Amino acid sequence: MKKIFLIVAVIATLCLTGCGKLNDKDIRENFIKDVESLKAYYMEGTLELTNNDDTYKYDVVANYQKEDNYKVSLVNKANNYEQIILKNDEGVYVLTHKGLTFFHNIEQNVSL
């Protein structure tokens, strides 16, 4: 009876823990492969920007759809102003409390 229990315990331990380990490189490669295969995703988070002595906190919501279509919403926690950035096939729209700005060909307007 003890032998059967010992065999079952060893088999259960192997099944639960797995026979091999993934190293950091394997985990990173699997993660990148999974992200690249996504058709869309949704994220929420908090962004904190520090500029000299000033710190700004934003609630961020990002929606992404394959083919580089996305919507990012930034809400300033201090004054509750919201900025929305929307990119689709036509260009990039930036909506703030001051109005709407449209960039037809944003790749040409941005310097890296």
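Below is a table of values for the structure above.
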{"quantity": "Tabulated pairs, the stretch 48-66, first farther than 14 Å from ILE85 by Cα, second assigned to a strand (DSSP E or B) and of a type in the set (Lys, Arg), C-beta under 6 angstrom, 6+ apart or interchain", "calculated": "GLU48/LYS57"}
{"quantity": "Spans of strands (runs of 3 or more DSSP E) in the stretch 57-96 with at least 3 residues in contact with a Phe, Trp or Tyr (Cβ under 6 Å, 6 or more places away or on another chain) and over 15 Å from GLY45 (Cβ atoms)", "calculated": "91-96"}
{"quantity": "Pair list, Cβ under 9 Å, 6 or more apart: the stretch 78-102 residue farther than 21 Å from TYR56 by Cβ and at pLDDT 90 or above, other residue charged (D, E, K, R) and outside any loop (DSSP other than H, G, I, E, B)", "calculated": "LEU86/LYS71; LYS87/LYS71; TYR93/LYS87"}
{"quantity": "Single unsatisfied condition, GLU48 versus (1) modelled with pLDDT of 90 or more; (2) part of a helix (DSSP H, G or I)", "calculated": "(2)"}
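The values are calculated or read from the model by the stated rules, or taken from the named source; none is laboratory data. Predicted model only: the values in this text are computed from it and were never measured. Ideal geometry is used to build each Cβ from the backbone, glycine not excepted, and the neighbour counts take in all protein chains shown.
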